[in-house]
Amino acid sequence: MKAQPKASHFIDGAYVEDTSGRVIEVVHPATGDIIARLHAATPELVIRAVLAAKAAQADWAALRPVERARILRRAHDLVRARNDEIARIESLDTGRALSETLYVDAVSVAEALEFYAGVIPAYNGEAIALGGAFAYTRREPLGVCVGIGAWNYPFQGAGWKSAPALAAGNAMVFKPSENSPLSALILAEIYKEAGLPDGLFNVVQGYGDVGQALVEHPATAKVSLTGSVPTGKKVLGLAGSLMKHGTMELGGKSPLIIFADAPLDNAVSGALMANFYSTGQVCTNGTRVFVERPIHDALVARVTERAAKIKIGDPLDPSVTMGPLISRAQQEKVLGYIEAGRQEGATLHFGGGVPVMQGMEGGFWIEPTIFTGVTDTMRIAREEIFGPVMSILAFDSEDEVIARANDTEFGLAAGVFTQDIARAHRVIGKLEAGMCWINNYNLAPVEVPFGGVKSSGVGRECALAALDHYTEIKSIYVETGDVVSVF
Ligand code: NDP
């Protein structure tokens with residue numbers, strides 16, 4: 001199986017290769033086979049990409065928003081037309097099952113393009129009456145923005161960052177994670193075919209040093225990063241030291257609270273989606289499942305029954321519902337946490353092992369895993385695992401569960417299942433999280449702002465909020481009378 005792109009990078013409207021850059025081996029997580037060999041961008045290529053973006057940005061920003069929107073709408077059509085191809089590349093690159101990638105990845109980017117093409121012509125400043133004078137504001141693009149992606153949703157990451165950035169009149173240089181570098185190149189092809197002028201969306205491959213070089217370059221104005229908290233702190237620190245803008249979409253250890261009155265099967269569906277989708281590699285996952293004691297045993301029984309039906313296997317088989325983890329390192333990390341859970345006294349209730357997959361023995365497999373008897377101080381309840389490991393914790397009262405849910409450095413997401421409407425809103429109002437769900441979990445439509453609080457992030461993606469983070473306000477005072485002077 002091969003998925004070799006035409007070249008490693010896409011700069012100034014064309015594929016570019018420079019084999020002197022460090023090799024990036026692209027591995028199919030289901031087999032461990034190398035499906036492509038790319039090269040990290042050299043410092044010269046990083047500079048070339050930033051300068052191409054800078055050269056193209058001013059003319060792009062000068063277009064009427066309806067003209068920019070027209071190109072984004074064409075890109076939307078092309079993303080939808082290439083949906084199946086994108087899904088296959090995404091499944092090869094990340095190991096996530098086709099049963100997800102066919103319906104989520106290209107679709108969410110198409111919707112982002114559709115959304116920002118629709119709203120940008122009406123995204124304007126304000127007019128402010130000041131008696132004899134008035135003022136108005138303009139929403140101006142920042143210039144060249146850097147996008148840095150994580151490995152779990154590489155196409156979505158590239159699309160969610162570039163669609164609002166471009167709509168607002170910026171240019172972007174995007175660096176995918178070296179673990180999943182392929183699909184951002186398809187997005188670059190699509191933008192080109194849609195008529196986006198060369199240089200406005202560039203893809204450069206590389207490791208952390210390439211991301212750092214992009215942020216450091218004097219011609220870049222902003223970085224939007226999806227990644228882990230330690231990386232986010234480093235990158236935001238660097239951006240801050242250079243007085244550049246930063247949006248950080250980082251990790252979490254989110255609570256999913258199930259009250260005893262919740263319809264059991266919906267709550268179970270929520271808990272399963274909140275832990276096992278994408279083999280647990282979702283930043284918003286509700287990995288601390290707090291269950292009110294009267295329904296604890298019934299919920300555990302039902303979750304286990306349904307987890308046993310998860311079909312693990314070849315991500316390219318459309319009937320498979322769970323693929324492997326992204327890499328050997330991630331598999332070892334997740335297995336380490338499972339061992340820590342055992343040693344700290346949690347009950348390994350389900351899974352916890354590495355399944356033997358016939359013909360795919362080189363893959364990074366892991367069983368969906370459920371721990372019960374988890375307490376708040378255990379590492380599996382405190383640290384982000386980023387794998388299919390559900391921790392179930394019992395609780396007795398509303399105040400108690402709110403305090404326990406908030407007792408974390410993270411604040412990305414939270415969910416509540418209950419039929420008591422007053423309780424649902426009261427509890428959500430007290431949870432320290434950016435993304436909250438009542439009676440569902442993990443849905444992220446582009447119309448809704450997305451992002452975290454506390455250590456889970458700064459700024460927002462999606463919705464109109466993302467446009468605010470890709471623009472700067474210019475305020476203009478207009479005098480209609482005489483100048484009052486004390487001199
Ligand atoms: P990492 O933090 O390891 O990497 C994120 C990106 O930053 C990668 O492209 C990485 O490159 C790059 N990078 C690393 N060091 C630097 C640096 N010093 N300067 C600039 N760029 C750098 O995250 P993962 O890729 O492992 O992704 C998993 C994490 O992402 C999880 O913690 C998860 O919760 C979070 N995440 C958050 C989401 C959100 O929206 N809140 C959504 C999805 C994931 P390289 O790959 O070469 O290291």
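How many residues, within segment 237-253, are more than 10 Å from the ligand (Cβ to nearest atom) and either in contact with a strand residue (DSSP E or B) (Cβ under 8 Å, 6 or more places away or on another chain) or charged (D, E, K, R) (or both)? Give the derivation first.
Residues of segment 237-253 more than 10 Å from the ligand (Cβ to nearest atom): 240-246.
With the extra rule that they be either in contact with a strand residue (DSSP E or B) (Cβ under 8 Å, 6 or more places away or on another chain) or charged (D, E, K, R) (or both), the set shrinks to 240, 244-246.
The number of residues fulfilling the criteria is 4.
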Legend entry - Evaluation of residue 455 against (1) out of contact with any strand residue (DSSP E or B) (no Cβ under 8 Å at 6 or more places or on another chain); (2) surrounded by fewer than 20 Cβ atoms within 10 Å (Cβ to Cβ) (one fails), failing number: (2)
Inset, instruction - Of the numbered conditions (1) touching a helix residue (DSSP H, G or I) at 6+ places or on another chain (Cβ under 6 Å); (2) surrounded by fewer than 23 Cβ atoms within 10 Å (Cβ to Cβ); (3) not charged (D, E, K, R), residue 173 fails exactly one; give the number of that condition. - result: (2)
Legend entry - Tally of residues being part of a helix (DSSP H, G or I), in contact (Cβ under 8 Å) with a residue 24 or more places away in the chain and charged (D, E, K, R) across segment 23-67: 4
Legend entry - Which numbered condition residue 462 fails, given (1) in the same structural domain as residue 277 (by the TED database); (2) buried (at least 22 other Cβ atoms within 10 Å of the Cβ): (1)
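Is it fair to say residue 237 is in contact (Cβ under 8 Å) with a residue 60 or more places away in the chain and not hydrophobic (A, V, I, L, M, F, W, C)? I'd like the intermediate steps shown before the answer.
Numbers: in contact (Cβ under 8 Å) with a residue 60 or more places away in the chain: no; not hydrophobic (A, V, I, L, M, F, W, C): yes.
No; evaluated as a whole, the condition is false for this residue.
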Inset, instruction - List the number of the failed condition for residue 320; all other conditions in (1) within 16 Å of the ligand (Cβ to nearest atom); (2) over 24 Å from residue 411 (Cβ atoms); (3) assigned to a loop (DSSP other than H, G, I, E, B) hold. - result: (1)
Legend entry - Selected residue [more than 18 Å from residue 155 (Cβ to Cβ), of a type in the set (Gly, Ala, Ser) and crowded, with 20+ Cβ neighbours inside 10 Å] from 21, 13, 32, 95: 21
Inset, instruction - Only one of these is in a loop (DSSP other than H, G, I, E, B), of a type outside the set (Phe, Trp, Tyr) and at pLDDT 95 or above: 400, 361. Name it. - result: 361
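Please go through segment 142-167 and pick out each residue that is aromatic (Phe, Trp, Tyr) and farther than 21 Å from residue 74 by Cβ. Break it down into steps so the answer makes sense when it comes.
Our first condition is that a residue be aromatic (Phe, Trp, Tyr); within segment 142-167, this holds for 151, 153, 155, 160.
The answer is 151, 153.
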Legend entry - Residues of segment 210-228 satisfying the condition of being crowded, with 20+ Cβ neighbours inside 10 Å and either near the ligand (Cβ under 8 Å from one of its atoms) or without any contact (Cβ under 8 Å) to a residue 40 or more places away in the chain (or both): 210, 211, 214, 215, 223, 225, 226, 227
Legend entry - Pick from segment 135-180, criterion in contact with a Phe, Trp or Tyr (Cβ under 9 Å, 6 or more places away or on another chain) and within 14 Å of residue 86 (Cβ to Cβ), ranking: farthest from the ligand (Cβ to nearest atom): 158
Legend entry - Given (1) touching a Pro at 6+ places or on another chain (Cβ under 6 Å); (2) buried (at least 19 other Cβ atoms within 10 Å of the Cβ), index of the condition residue 260 fails: (2)
Inset, instruction - Name the residue, out of 99, 91, that is in contact with a helix residue (DSSP H, G or I) (Cβ under 6 Å, 6 or more places away or on another chain) and under 30 Å from residue 282 (Cβ atoms). - result: 91
Inset, instruction - Go through segment 148-236 and tell me which strands (runs of 3 or more DSSP E), entirely inside it, have 1 or more residues that are closer than 19 Å to residue 457 by Cβ and at pLDDT 95 or above. - result: 171-175, 220-226
Legend entry - Qualifying residue in segment 287-305 (condition: part of a loop (DSSP other than H, G, I, E, B) and either more than 25 Å from residue 100 (Cβ to Cβ) or of a type in the set (A, V, I, L, M, F, W, C) (or both)): no
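The values are calculated or read from the model by the stated rules, or taken from the named source; none is laboratory data. All values reported here derive from a predicted model rather than from experimental measurement. Please note: Cβ atoms are built from the backbone with ideal geometry, for glycine as well, and neighbour counts cover all protein chains shown.
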